[in-house]
Amino acid sequence: MLINENSPRLNLKEKDSQKKGKKKDKFTTFHVKEEAELFDYVMRKMGSMSKSSVKALLSNQRITVNERIVTQYNHPVKNGDVVIVNFSSKESGLHHSKLKIIYEDEYIIVVNKSEGLLSVATEKKETLTAFRILMNHLKKQSLRNRLYVVHRLDRETSGVLLFAKSKEVQESLQNYWRYDVLEKIYYAIVEGQVEKDKDTIISWLTESPKSKIVYSSPTDNGGEKAITHYETVKRSNEYSLLKVYLETGKKNQIRVHMQSIGHPIVGDKKYGSTLSPLGRVGLHAAILTIRHPATGQKVRFEAPLPENMKMKF
């Protein structure tokens with residue numbers, strides 16, 4: 001199958017135009033040719049827009065510079081930078097201690113999930129999930145709103161989590177996930193001092209049907225091939241902070257791979273940890289970069305490292 005990696009996966013314009021009263025996203029792209037502060041640059045380019053309107057675009061995370069959302073007024077832009085302004089209406093804010101909206105438009109909604117919160121309900125039918133919180137948020141705006149799961153984070157893993165607002169967008173993201181996910185970066189606090197400054201772990205993963213534990217084999221045993229790259233960011237007497245880049249996205253991949261090198265993630269009893277200095281599993285999904293399913297533009301979403309993970313260093 002031939003993939004055009006610079007094009008959107010969906011052609012929603014015709015379908016959306018048939019929905020009366022449905023307001024479409026409007027993106028305006030600027031190619032910077034001179035140095036300036038972002039606020040001043042957008043003011044000049046937009047001409048008739050008021051200062052308060054441009055400030056609102058920044059504070060509501062509607063402006064990106066080189067695929068990264070920027071909210072600082074004085075952020076420097078220079079020749080060659082690409083500034084994209086999203087003029088779609090910003091939904092009313094979500095106020096919840098376990099969930100914060102990072103980005104929202106007509107097609108997707110991206111959140112920073114706290115540890116201790118399920119992404120979606122399990123067979124035990126827990127009611128407090130990221131999905132349930134967001135669904136209630138959307139239903140308050142319109143009973144016609146829908147929400148669809150694209151991927152998951154473990155209960156004790158915090159960070160960036162993406163949902164779709166339509167079945168078409170969900171299917172597009174899931175069908176092209178390996179092509180449209182351009183970057184997945186995690187931070188992990190592991191037991192002990194990791195000797196190597198950087199390394200790549202390659203193994204084959206299999207899951208026990210009974211225990212639901214995933215096992216790693218250094219040789220091909222018929223399992224799923226998993227590739228994890230890591231860099232050691234900081235070391236203390238008892239722990240190491242790692243920046244982890246996923247080349248593949250298999251179930252429990254980071255947790256299993258850290259155990260396989262003798263440095264399990266703190267708090268992860270399932271995969272060999274004996275220490276729990278955070279009272280949680282020390283894993284955080286920090287960055288997710290995707291190709292937007294409707295616009296084809298690369299967009300980067302980031303959730304800062306939680307304070308309780310910073311405190312150990």
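The values are calculated or read from the model by the stated rules, or taken from the named source; none is laboratory data. Computed from a predicted model, the values in this text were never measured in an experiment. Cβ atoms come from the backbone with ideal geometry, glycine included; neighbour counts cover every protein chain shown.
Of note, ALA121 satisfies the criterion of being in a loop (DSSP other than H, G, I, E, B) and among the aliphatic types (A, V, I, L, M).
Take ILE133 and decide whether it is in the same structural domain as ALA286 (by TED's automatic domain parsing), in contact (Cβ under 8 Å) with a residue 60 or more places away in the chain and within 28 Å of ASP268 (Cα to Cα). No, not satisfied. Which residues, counting only those in segment 235-259, are over 22 Å from the mean Cα position of the chain (by Cα) and more than 18 Å from LYS212 (Cβ to Cβ)? Result: ARG235, SER236, ASN237, GLU238, TYR239, SER240.
Evaluation of THR206 against the conditions (1) out of contact with any strand residue (DSSP E or B) (no Cβ under 7 Å at 6 or more places or on another chain); (2) hydroxyl-bearing (Ser, Thr, Tyr); (3) assigned to a strand (DSSP E or B) shows that the sole unmet condition is (1). List the residue pairs whose Cβ atoms are under 9 Å apart, where the first residue sits in segment 56-83 and is touching a residue at least 40 places away in the same chain (Cβ under 8 Å) and farther than 20 Å from GLU106 by Cβ, the second is of a type in the set (Phe, Trp, Tyr) and part of a loop (DSSP other than H, G, I, E, B), and the two are 6 or more positions apart or on different chains. Hits for this filter: zero, empty list. Residues in segment 172-191 that are buried (at least 21 other Cβ atoms within 10 Å of the Cβ) and assigned to a helix (DSSP H, G or I): SER172, LEU173, ASP180. For segment 161-183, which residues satisfy the criterion of being over 25 Å from SER142 (Cα atoms), in contact with a Phe, Trp or Tyr (Cβ under 9 Å, 6 or more places away or on another chain) and among the β-branched types (Val, Ile, Thr)? Hits for segment 161-183: nothing passes.
The residues listed here are LEU117, LEU138, LEU153; of these, the one that is in contact with a Lys or Arg (Cβ under 8 Å, 6 or more places away or on another chain) and either assigned by TED's automatic domain parsing to the domain that holds LEU57 or more than 28 Å from MET309 (Cβ to Cβ) (or both) is LEU138. Does ILE254 satisfy the condition of being part of a strand (DSSP E or B), hydrophobic (A, V, I, L, M, F, W, C) and crowded, with 16+ Cβ neighbours inside 10 Å? For ILE254, the condition - part of a strand (DSSP E or B), hydrophobic (A, V, I, L, M, F, W, C) and crowded, with 16+ Cβ neighbours inside 10 Å - is not met.
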